[in-house]
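Q: One structure, pasted below without further comment.
Each reported figure results from applying straightforward, stated rules to the coordinates on display, with no laboratory input. The shown structure was predicted, so the numbers you read here are calculated from the model rather than taken from an experiment. Neighbour counts are summed over all protein chains in view; Cβ atoms, including those assigned to glycine, are modelled from backbone coordinates with ideal geometry.
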Amino acid sequence: MSIITKITKQRRRNERYNIYIDYEYAFSLDAELLIEHKLKEGKEIDEDEISQIVYRDNVRKAYDRSLHYLQYRMRSQEEIENYLDGKGFDPNVIEDVIEKLKEYDFIDDIAFAQAMTNDILSTRQVGRRFIIHKLREKGISDDIIDSITSKLHEQDEFAMAYNLARDQFERLRAEPTIKDEQRIARLMARRGFEWHMINRAIRDAIKQLEN
């Protein structure tokens, strides 16, 4: 059994305290945990209690980091997991934090995926495959992606493909050539449109320009 020999308040972070055990620095923790565990100089403490305190303090720190990370925009579960992993937190700590964030609705991959899809469609002319790719980059599950993209109507997607093709052709200073069509088709493919939709959109856009 070890003994807490000194407790000091940190200078730069007044809410945290340094704990010394057997005259050597052991760990730091916040004031709430200090009070909860009734830590004081002269108290006996064993390794199990130390491990428990340090673990709970790490969960608190990771949770606070996550809330700060979420201040700027919505995040997917995988984004937060990767963020905390990059900060060096233990996988078990990350798992506990994720559960807590879900409990308070700070993480909701369905809402995140829908919001991200709406944002993309409101600012860019893209197809279904582009949205699927972007959602997968954020770690969204295939089930959620299927649920979100199933709401996208093919007619609306074609209208976006047509508008993109038309805009590209209207920028040309001369009659469109085969190379122009190929360049625009490649652009549309990168934007996530299917080839059958690309061919149709290009054909309709050219007809419109000829009229």
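Q: Tally Lys/Arg at +1 and Asp/Glu at -1 over every other residue whose Cβ is under 11 Å from the Cβ of Gly88; what's the total?
A: Here the count lands on +1.
Q: Ranking Lys38, Lys6 by Cβ neighbours within 10 Å, fewest first, what do you get?
A: Lys38, Lys6
Q: Something else now. Express the relative contact order of the chain as a whole percentage, based on alpha carbon pairs under 8 Å and six or more residues apart in sequence. Don't skip to the answer; put the middle values down first.
A: Details: 219 pairs, mean separation 29.5, N = 211.
Answer for the chain is 14 percent.
Q: Where the convex hull is taken over the Cα atoms of the range 1-45, what is its projected area averaged over directions, in nm²?
A: It is 2.8 nm².
Q: Here's another thing I want to ask about it. Angle check, please: helix 77-86 long axis (alpha carbons) against the longest principal axis of the chain (alpha carbons), in degrees 0 to 90, nearest 10.
A: Result, in degrees: 50.
Q: Across the range 140-190, what fraction of all alpha-carbon pairs, as a whole percent, falls in each successive 10 Å bin from zero upward?
A: 21, 37, 25, 14, 3
Q: Can you give the log10 of the normalised intensity I(q)/I(0) at q = 0.15, 0.17 Å⁻¹, computed with Debye over equal Cα scatterers of the range 19-125?
A: -0.72, -0.85
Q: So if I take the centroid of the Cα atoms in the range 181-202 and the same for the range 45-88, what is the distance between those two points in Å?
A: The distance from the Cα centre of the range 181-202 to that of the range 45-88 comes to 44 Å.
Q: Helix-only estimate, please: 222 nm mean residue ellipticity of the chain, summing -39500 (n - 2.57) across DSSP H runs of length 4 or more and dividing by its residues, to the nearest 500.
A: It comes out at -19500 deg cm²/dmol, rounded to the nearest 500.
Q: Which pairs in the list Lys61/Lys102; Lys9/Lys100; Lys102/Lys134; Lys9/Lys38; Lys138/Lys179; Lys43/Lys100 are over 25 Å apart, alpha-carbon to alpha-carbon? All intermediate terms of the calculation are to be shown ahead of the outcome.
A: Values: Lys61/Lys102 17 Å; Lys9/Lys100 28 Å; Lys102/Lys134 22 Å; Lys9/Lys38 15 Å; Lys138/Lys179 35 Å; Lys43/Lys100 31 Å.
Cα-Cα > 25 Å for Lys9/Lys100; Lys138/Lys179; Lys43/Lys100; rest within.
Q: Please report, to two decimal places, log10 I(q)/I(0) for the range 112-155 at q = 0.16, 0.21, 0.31 Å⁻¹ as given by the Debye formula with identical point scatterers on the Cα atoms and no solvent.
A: -0.34, -0.60, -1.34
Q: Can I ask one more? Tell me the net charge near Asp22. Cut-off is 15 Å between Cβ atoms, Asp22 excluded, with +1 for each Lys or Arg and -1 for each Asp or Glu.
A: -4
Q: Residues with beta-carbon under 12 Å from that of Gln71, excluding Gln71: net charge, scoring Lys, Arg +1 and Asp, Glu -1? Display every interim value, and only then the final one.
A: Values: positive: Arg65, Arg73, Arg75; negative: Asp64.
Every neighbour counted, the sum reads +2.
Q: Say we join alpha carbon atoms closer than 10 Å with springs in a Gaussian network model of the chain; which of Thr117, Thr177, Thr149 then has the biggest fluctuation?
A: Largest GNM mean-square fluctuation: Thr177.
Q: If the elastic network links every pair of Cα atoms under 10 Å, which of Gln77, Gln168, Gln155 fluctuates the most in the Gaussian network model of the chain?
A: So, out of Gln77, Gln168, Gln155, the one fluctuating most is Gln155.
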